[in-house]
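The values are calculated or read from the model by the stated rules, or taken from the named source; none is laboratory data. Quantities reported herein were computed from a predicted structural model and do not represent experimental measurements. For neighbour counting, all protein chains shown are included, and Cβ atoms are generated from backbone atoms with ideal geometry for every residue, glycine included.
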Amino acid sequence: MSERIAYLHRQYVVESAAKVSILDRGFLYGDSVYDSSRTFDGKPWRMRDHIDRLYLSCRYARLEPDMSADEMEAVSMELIERNRDVYRPGEEFRINHWVTRGGGVSIDTDLDPTAHTVAIFTLPMDYQRFAHGYLEGVPAVVTSVRRTPPECVEPRAKIGGKMNHIQAEFEAKQANAWAIMLDMQGFMAEGPSYNCFIVRNGELLTSAPTNCLVGINRTYILELAKRLGVAVREGNLTPYDLLTADEAFFCANSICLLPVKSIDGIDMANGAPGPITEKLTQAWIDDTGSDWRQKAVASLNR
């Protein structure tokens, strides 16, 4: 199997040769934005939506990539083709886009809006981490680590410097669970790398868009629910709402839609996956024409 190809500094290079300066502000200060899409049966899924969001994040962070969104999409498609021989037919992978302010001359580089580092690379999908969750759901806990408030960093921008999310992950890991983070007012915000949903009395509930990343797949779930006739409401949800939910699930790029079986030790009333979770899952599989859940479960037997 050949080595993966990455795109860095306007060149296609083998991944092992893709190097960034230790003086790059993305490395030093997390002065960066990023986004990530994925494939189904080797075909990109809503990649342009992710790229468009990346450019919104760049505007917020005052970063100016040295290419347009159209150029980035074209480069990304070319990169996918250059990596076709690396992945098995139908094998799924992530498509990662990173933009930093660059640097490399001194640690005191001025705040230049021109982005000097643009990196695009692919990584194989790690199914085994959450495959069991598709079958029986995953336990979740509400962490003491809160989501950075919008007064500090806008949650709709996907930016570097994720230490608070990482600390929430560590806290949840001590309980062998997945993390749910609250905002500073005590309302459900999001997970460290995923959006959170609950179901109660047949209604799909999720965080207000003011305290969580407006995920591409979150938006898709809301569209899908409305198409299927499932009532949807965005708003402020408390730990009480979480503990009294009938169903719960997480959604994100890698996991797609992952059922939650318990929150803080309290089992979901309708089990995992619950009926609406299952309905949404099957519709997503039908939309992509790829049974991503079965692929994950099959990975357990390798």
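Values as computed for the structure displayed
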read-out	value
Ala283 vs. criteria in contact (Cβ under 8 Å) with a residue 12 or more places away in the chain and under 24 Å from Pro192 (Cβ atoms)	no
Among (1) at positive phi; (2) without any contact (Cβ under 8 Å) to a residue 24 or more places away in the chain - the single one Asp264 does not satisfy	(2)
Selected residue (only one of Ala175, Ala168, Ala179 is buried (at least 23 other Cβ atoms within 10 Å of the Cβ), of a type outside the set (Val, Ile, Thr) and not in a helix (DSSP H, G or I))	Ala179
Output for the range 22-44, where each listed residue is among the charged types (D, E, K, R) and more than 13 Å from the chain's Cα centre (by Cα)	Asp24, Arg25, Asp31, Asp41, Lys43
The one condition in (1) surrounded by fewer than 18 Cβ atoms within 10 Å (Cβ to Cβ); (2) closer than 26 Å to Cys256 by Cβ that Glu64 fails to fulfil	(2)
Ile198 vs. criteria within 14 Å of the chain's Cα centre (by Cα) and either closer than 23 Å to Cys256 by Cβ or buried (at least 18 other Cβ atoms within 10 Å of the Cβ) (or both)	no
Qualifying positions in the range 140-157 - under 19 Å from the mean Cα position of the chain (by Cα) and among the small types (Gly, Ala, Ser)	Ala140, Ala157
The range 1-57: number of residues that are surrounded by 17 or more Cβ atoms within 10 Å (Cβ to Cβ) and small (Gly, Ala, Ser)	7
Qualifying residues in the range 260-278 (those that are of a type outside the set (A, V, I, L, M, F, W, C) and more than 10 Å from Val199 (Cβ to Cβ)) - the one surrounded by the most Cβ atoms within 10 Å (Cβ to Cβ)	Pro273
Residue satisfying all of: in the range 36-76; in contact (Cβ under 8 Å) with a residue 40 or more places away in the chain and among the hydroxyl-bearing types (Ser, Thr, Tyr); farthest from Tyr127 (Cα to Cα) among these	Tyr60
Test result for Val214, in contact with a Lys or Arg (Cβ under 7 Å, 6 or more places away or on another chain), modelled with pLDDT under 95 and not hydroxyl-bearing (Ser, Thr, Tyr)	yes
Close pairs (7 angstrom Cβ cut-off, 6 or more residues apart or separate chains): closer than 16 Å to Val33 by Cβ in the range 150-175, of a type in the set (Asp, Glu) and crowded, with 16+ Cβ neighbours inside 10 Å anywhere	Lys158/Asp35; Gly160/Asp31
Near pairs, Cβ below 6 angstrom, 6+ apart or cross-chain, from the range 211-231 (within 20 Å of Pro150 (Cβ to Cβ)) to any residue that is part of a helix (DSSP H, G or I) and modelled with pLDDT of 95 or more	Ile216/Asp49; Ile216/His50
Answer from Arg84, Arg62, Arg147 - the residue that is within 21 Å of Val20 (Cβ to Cβ) and among the basic types (Lys, Arg)	Arg62
Those residues of the range 125-137 which are in contact with a helix residue (DSSP H, G or I) (Cβ under 8 Å, 6 or more places away or on another chain) and not in a loop (DSSP other than H, G, I, E, B), in sequence order	Ala131, Tyr134, Leu135
